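K.L.:
My questions will all concern the structure given below.
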Amino acid sequence: KGIDEDTQLALTDKSLAEPFYMLLMGTDKSQERDASGEYGDSYRSDSTMLARIDPVQKKVTLISIERDTLVNIEGYGVGKINSAYTYGGPALMVKTVSQFAGVPISHYASIDFDGFKDVVDALGGIEVDVPMEIDDADAGGHVDAGLQTLNGEQALILCRARNAYEEAGYSGGDFYRAANQRMVIGAIAKKLMESDPATMATSIATLCDYVTTDMSVTDIVSVANSMRGIDTENNIWSAMNPTISAYENGVYIEYSDNEAWRKMMTRVDDGLPPYEDEKRNVNDGGTLDGTVRDNS
């Protein structure tokens, strides 16, 4: 499924043979939400991720953008970054994240809750080491802890779970949720990269039925083929934009730690891991030792 003209214009042309940035978004649109009629036709970005894909060095960097981060939104002033999607759809979201990160964004892809489940199921499930037992009604149910193959519904629960962490005594549920989202995206990429070319092409064609993107099936297959052989254990890096948490006037907000953010993005743009501490760059998804929450 293609994107609108405004979003296309917000993207920067760049060869798929060179390192490029892509905005990945999950929206809170679903049949269940539509049926409720509670929110009309207004949707928010439930997750926002900036990906740097390097087909030359065969490396991927996934950076979650905390949805409550205060940024300047063109035409609307300072606001939470996820509200850019509500104000101006994908086009304004691309512009806002590009300005905030200081890098051009060449491609865009979004998926809603229903599509996400179908994507994981189309892949035959994904292998994930769930960091702790999830029992979160708001996220959709229960997922056991430990290494296992998750179906689409279970993967979505893991990606939406926030309250389970806070109820278990871990502050900052949004940070753990974002880390789990990166872990799941990494697991999807790993499954694709480790499949044979024919299976990869078929899987990508199926996935494109559920994803809204500017890229054609041929483009995605081309990038995937160029990334074949990637060391999925060590060269898919994961991070989150560094912020300072606050609670003001009954609202949770995240102030960007701009110095740390510029330092991180300079490293990323240079093709380096986002963190100087090597242990934090790989497999940080869902860890419970404090490294995810301490994102400075």
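The values are calculated or read from the model by the stated rules, or taken from the named source; none is laboratory data. All figures in this text were calculated on a predicted structure; none of them were measured in a lab. Every residue, glycine as well, gets a Cβ built from its backbone with ideal geometry; the counts of neighbours run over all protein chains shown. Accessible surface areas use protein heavy atoms only, side chains included; no ligands, DNA or RNA. Shrake-Rupley method; radii C 1.70, N 1.55, O 1.52, S 1.80 Å.
Table: residues versus (1) surrounded by fewer than 17 Cβ atoms within 10 Å (Cβ to Cβ); (2) among the charged types (D, E, K, R); (3) within 20 Å of the chain's Cα centre (by Cα); (4) modelled with pLDDT of 95 or more.
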position: 116; (1), (2), (3), (4): no, no, yes, no
position: 119; (1), (2), (3), (4): no, no, yes, no
position: 132; (1), (2), (3), (4): no, no, no, no
position: 136; (1), (2), (3), (4): no, yes, no, no
position: 140; (1), (2), (3), (4): no, no, yes, no
position: 145; (1), (2), (3), (4): yes, no, no, no
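K.L.:
Tell me whether the stretch 165-172 contains one or more residues that are at pLDDT 90 or above, closer than 27 Å to residue 61 by Cβ and open to solvent by 50 Å² or more (accessible area, probe 1.4 Å).
P.N.:
Within the stretch 165-172 (the criterion being at pLDDT 90 or above, closer than 27 Å to residue 61 by Cβ and open to solvent by 50 Å² or more (accessible area, probe 1.4 Å)), the answer is no, since none of the residues qualifies.
K.L.:
With (1) at positive phi; (2) part of a loop (DSSP other than H, G, I, E, B) as the list, and residue 66 as the residue in question, which single condition is left unmet?
P.N.:
The one condition residue 66 does not meet is (1).
K.L.:
Which pairs have Cβ atoms under 6 Å, sit 6 or more apart or on different chains, and link a residue in the stretch 224-237 that is over 20 Å from residue 198 (Cβ atoms) to one that is assigned to a strand (DSSP E or B) and at pLDDT 90 or above?
P.N.:
If the second residue must be assigned to a strand (DSSP E or B) and at pLDDT 90 or above, the pairs left are 235/59; 236/60; 237/61.
K.L.:
Same structure again: Based on what the data block shows, is residue 105 open to solvent by 30 Å² or more (accessible area, probe 1.4 Å), under 18 Å from the mean Cα position of the chain (by Cα) and hydrophobic (A, V, I, L, M, F, W, C)?
P.N.:
no
K.L.:
Kindly indicate whether residue 55 is in contact with an Asp or Glu (Cβ under 7 Å, 6 or more places away or on another chain), open to solvent by 10 Å² or more (accessible area, probe 1.4 Å) and modelled with pLDDT of 50 or more.
P.N.:
no
K.L.:
Right, here's the next one. Please indicate, with yes or no, whether at least one residue in the stretch 99-121 is in contact with a Gly (Cβ under 7 Å, 6 or more places away or on another chain), assigned to a helix (DSSP H, G or I) and within 21 Å of residue 65 (Cα to Cα).
P.N.:
Checked the stretch 99-121: at least one residue is in contact with a Gly (Cβ under 7 Å, 6 or more places away or on another chain), assigned to a helix (DSSP H, G or I) and within 21 Å of residue 65 (Cα to Cα).
K.L.:
Name the residue that is nearest to the chain's Cα centre (by Cα), counting only residues in the stretch 61-89 that are of a type in the set (S, T, N, Q) and open to solvent by less than 10 Å² (accessible area, probe 1.4 Å).
P.N.:
The residue in question is 64.
K.L.:
When you go through 115, 172, 141, 146 one by one, which is the residue that is small (Gly, Ala, Ser), more than 27 Å from residue 257 (Cα to Cα) and touching a helix residue (DSSP H, G or I) at 6+ places or on another chain (Cβ under 8 Å)?
P.N.:
Answer to the selection: 141.
K.L.:
In the stretch 152-172, what count of residues is obtained for those that are in contact with a Lys or Arg (Cβ under 8 Å, 6 or more places away or on another chain) and of a type outside the set (A, V, I, L, M)?
P.N.:
9
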